[in-house]
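Notes to accompany the following structure.
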Amino acid sequence: MQHLLLHRMPLASALAAMLALASATSLAAPRAKITHVPGLDVSGQQGFSDYLHAPQHRAFAISAGGYWTWQAEHTSAEGAVEAALRACSDMADQPCVPYAVNERIVFDAARWQQQWRPYLSDLAATRAVTGSGKGQRFHDLKFSDQHGKVMHVSDLRGSVVILHFWGAWCPTCRTVLPDLARLQRKLSRDKAMRLILLQVREPFQKGSEWTASQGLRLPLFDSGVKTGQDDSLSLRNGTVLKDRLIAPVFPSTYVLDTRGIVVFSHIGSLPDWPAYLPLLQDVADHSGK
């Protein structure tokens, strides 16, 4: 469901780094407890609770995008970590990291927030082709703000952009909006990051009225779609793009760096958007560096 962007560390290296960390902090590291694991929904949090009661040796692994897994009853901690990382990697198309080993939390927050770095260089940007894949320059969509001012994705360069495609008609989309509203409250303090919500398959007014009825304050922008049958989005050059080419399901979300390069995307609902703030800040700090 996602694309993380750290250099995919060889499994042996990941194990060695994790075990060195666990060994170095064996006395000081906190014991695992029922707590908030970043990026997980309710089922993931319950999964971590179940993990805490499983037999040793066990390991819990996570990946941005809400992926998680745990393995237990291994003959060694190393074996548990290897199995957990492999199982997580089989589900996610981005690197997985250990969160806990037996009773120790070994989560490396610094490594977690740097996972989108590989796509942030100027060299990568100069080679980027237009598209919606990681490392590609996102389509230059045309849209309007709430006052009718015409804008384009390319106008947002210089800021990290979270581009979210949604519709009030979409039950899954509606469940994500409170979480995005919490993220927006944090982003509003930093002009280097922008959240842009574009409606699909409905007029702008319908989405605006629905969010207002729910008391949600969100940065809504008008994609230009006028009816539920309209499945096309306009581009700056006057052509159109079918919405399913960039959003196979709704909602779909893209994170663009300061040059408009896709560094992360998620097709479907994503839990705990505020947990991604450190990664977004890292993108803002290192785009083009």
>> Can you compute log10 of I(q)/I(0) for the range 118-286 with the Debye formula, treating each Cα as one identical point scatterer, at q = 0.10, 0.12, 0.20 Å⁻¹?
In response: -0.33, -0.49, -1.49
> Once the Cα atoms of helix 171-187 and of the chain are each reduced to a long axis, what angle between those two axes, in degrees from 0 to 90 to the nearest 10, is obtained?
Replying inline: 80 degrees
> Among all stretches of the chain without exposed GluC sites (Glu not before Pro) (DSSP loop, at most 14 other Cβ atoms within 10 Å), which one is longest?
Replying inline: 104-289
> Hull surface divided by four, with the convex hull built on the Cα atoms of the range 52-112: how many nm²?
Replying inline: 3.8 nm²
> Add -39500 (n - 2.57) for each DSSP H run of 4 or more in the chain, then divide by its residues: what number comes out at 222 nm, to the nearest 500 deg cm²/dmol?
Replying inline: -9000 deg cm²/dmol
> For residue 40, what is the net charge nearby, where nearby means another residue's Cβ is under 13 Å from its Cβ and Lys, Arg count +1, Asp, Glu -1?
Replying inline: -4
>> Using only the alpha-carbon atoms, how far is helix 277-286 inclined from the longest principal axis of the chain? Give it as 0 to 90 degrees, nearest 10.
In response: 80 degrees
> From the backbone phi of the range 117-129, what are the Karplus-calculated ³J(HN,Hα) couplings (6.51 cos²θ - 1.76 cosθ + 1.60, θ = phi - 60°) in whole Hz, Gly and Pro given as x?
Replying inline: 4, x, 9, 9, 7, 5, 4, 4, 5, 5, 8, 5, 9
> For the range 185-247, which chymotrypsin sites (Phe, Trp or Tyr not before Pro) are in a loop by DSSP, counting at most 14 other Cβ atoms within 10 Å?
Replying inline: none
>> Under the √(5λ) rule applied to the eigenvalues of the Cα gyration tensor, what semi-axes describe the equivalent ellipsoid of the chain? Give them in Å, descending.
In response: 37, 21, 16
> Given a Förster radius of 45 Å and the C-beta distance between residue 169 and residue 123 as r, what FRET efficiency does 1/(1 + (r/R0)^6) yield to the nearest 0.05?
Replying inline: 0.60
> Isolated Cys in the chain by the 4.7 Å beta carbon test?
Replying inline: none
> Angle, helix 42-52 long axis vs. longest principal axis of the chain, Cα atoms, 0 to 90°, nearest 10?
Replying inline: 10 degrees
> In nanometres, what is the gap between the two model label sites at residue 52 and residue 241, each 7 Å from Cα along Cα-to-Cβ?
Replying inline: 4.4 nm
>> Straight-line reach only, C-alpha to C-alpha below 15 angstrom: list the aspartates and glutamates that residue 242 could link to, leaving out same-chain residues fewer than 8 apart.
In response: 140, 202, 230, 231
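Values quoted throughout were computed directly from the atomic coordinates according to the rules given, and no laboratory measurement underlies them. Note that the structure is a prediction, hence the values are computed from the model and not measured. Cβ atoms come from the backbone with ideal geometry, glycine included; neighbour counts cover every protein chain shown.
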